[in-house]
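Here is the structure we will look at, set down as C-alpha cells.
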Amino acid sequence: ITPLSIYTGDESMASHFALVTAYEDIKKRLKDSEKENSLLKKRIRFLEEKLLETRLSEDASSVG
Amino acid sequence: ITPLSIYTGDESMASHFALVTAYEDIKKRLKDSEKENSLLKKRIRFLEEKLLETRLSEDASSVG
Amino acid sequence: MEETGEEPPTSAVLLDHCHFSQIIFNNVEKFYIPGGDITCHYTLTQHFIPRRKDWIGIFRVGWKTTREYYTFMWATLPADLNSKSSLQQQVQFKAYYLPKDDEYYQFCYVDQDGVVRGASVPFQFRPESEEDILVV
Amino acid sequence: MEETGEEPPTSAVLLDHCHFSQIIFNNVEKFYIPGGDITCHYTLTQHFIPRRKDWIGIFRVGWKTTREYYTFMWATLPADLNSKSSLQQQVQFKAYYLPKDDEYYQFCYVDQDGVVRGASVPFQFRPESEEDILVV
C-alpha cells in the first residue's frame, strides 16, 4: 500500500510553502547561532585578558 | 518604465528554484556557524581551565 | 484547485495560506537521536476533517512532489471529532524507517486527495554535540 | 514552457535546471554595507543571448512572482557576444534604491519574456559585526 499523492499545479505551491517554512526556521537558527557566536567571542576576549592580567600579577609577585 | 514580468506556470518553479538556491546557502552558513560555535566553546573551556590553574598556582606560591 | 498557468500572479499569492496551515506540527525537535523512534505531534485546526487515507510523510527539505516522501504513516483518525482532545494527535515513526543522514527533513500532512495540509519546521537526525551544552 | 498542471511530477523535476542557471552570479558578498552602492557581477553561460529588455532585480528571498522585485536595473548588453570578455558583466545598484532592513535578498536575472534565468545566493545589508573578525 502506498499513500495517494496526485500531482496538481497546487503541488508546486505546496512544496514552495513547505520550503518557506523550513527556510524561515533555518534563517532564525542562523541568526541565533551568529548571535551566540558573538557572545562567545566576547567571552573569549574577556578570558584572555583575565589570563594575561593574572600572569602579569603572578610575575610581578614572584619578582617582588 | 517597469521591466516585464509575465506570469507563467513556469514562474512558480522559478521562485522555487531561487528559494532552493538561497536555502542551500543559508543551510551551509548555519552549519559553518554551528561548527565555529563548537570550536569557540572548546576554546572557552581551555581558557577557563588555564585561568583556574594559574590562580591555583598563584595561591600556592603566595602561601608557600 | 488546479492552476492552469493562465491566471494572474495575484491569485497564486492569495491562495497561499488557506489550506497549507490546517495541520500544525507541535514540539518538533531540532535534533532526533539517530537509531531511536520518533513521535510526531500535530494539531488539527478547527474546521479540518481528517479522512481515512490522509498520511504524514517525512520529506527532505526542498522536495518538489509529494511522491518524494522518505517514509510515511497513515494519519490517526480521531475517535470523536467534537471532543477537544481529538484535535491533538500523534503518530510514531519507527527508527528502522528513518533517514540515516544528517540532512534537514520535515513532516508534511497530505490528505487523501494528495493535497498538502501542513508542513513542519525542519529537523535532523544527529546527536546534539556535547559542546553545545555549555551556556554563555 | 507552460505547466498545465496535467503533467506527471517527473516533468517538473526534469525541467528544472535547464534555464534557471543560464546566468551565474559571481562574488556575491554575504554582507553589503548599508548606505553604499553595490555592484552585481554575473556571467552569461555559453548559449545564452541577452536581449535589450532583460533585467536584474533584487528580490527578498521567498518571493513568489517576479513582480515582487525590490528594485531593478536593465541588464548590460555586451558589445560583442563572440568575445570571451563579454560573458562577464556587471551592473551597479545605487545605495538610494537598496533595501534598508537586514532581511536576506538575492539577485535574479529575468529575461524580456519574464523568464527567470538565474538566481544568486542571498545577502544582507548590514555591517559584519566586529566580533566576527576574531579568528579561532
Query raised in the report: Sorted from shortest, what are the nm distances separating the label point of B:SER61 from equivalent points in the other copies, each placed 7 Å from Cα along Cα to C-beta?
Result: 0.8
**Report entry** List C:TYR32, D:TYR109, ordered by accessible area with a 1.4 Å probe, largest first
**Finding:** C:TYR32, D:TYR109
Report summary line: Of the residues C:VAL116, C:PHE59, C:GLY36, the Cα lying farthest along the dipole of segment C:23-136 towards its positive end, which is defined by charges on the beta carbon of Lys, Arg, Asp and Glu, belongs to C:VAL116
Report summary line: Computed for A with C: buried accessible area summed over both chains, 1.4 Å probe, rounded to 100 Å², at 2600 Å²
Query raised in the report: Inter-copy label distances at A:LYS42, 7 Å along the Cα→beta-carbon direction, one decimal in nm, shortest first?
Result: 2.5
Query raised in the report: Any idea what the dipole of segment D:28-93 comes to, in debye rounded to 20, about its Cα centre with Lys/Arg Cβ at +1 and Asp/Glu Cβ at -1?
Result: 240 debye
Report summary line: From most to least accessible, 1.4 Å probe, no ligand or DNA/RNA atoms counted, C:ARG51, C:ARG67 line up as C:ARG67, C:ARG51
Report task. Once the label point is placed 7 Å from Cα along Cβ, list for D:PRO127 the distances to the corresponding points in the other copies, in nm, shortest first. Result -> 4.2
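The values are calculated or read from the model by the stated rules, or taken from the named source; none is laboratory data. Remember, predicted model here, so these are calculated numbers, not experimental data. Here the Cβ is made from the backbone with ideal geometry for all residues, glycine too, and neighbour counts use every protein chain on show. Accessible surface areas use protein heavy atoms only, side chains included; no ligands, DNA or RNA. Shrake-Rupley method; radii C 1.70, N 1.55, O 1.52, S 1.80 Å.
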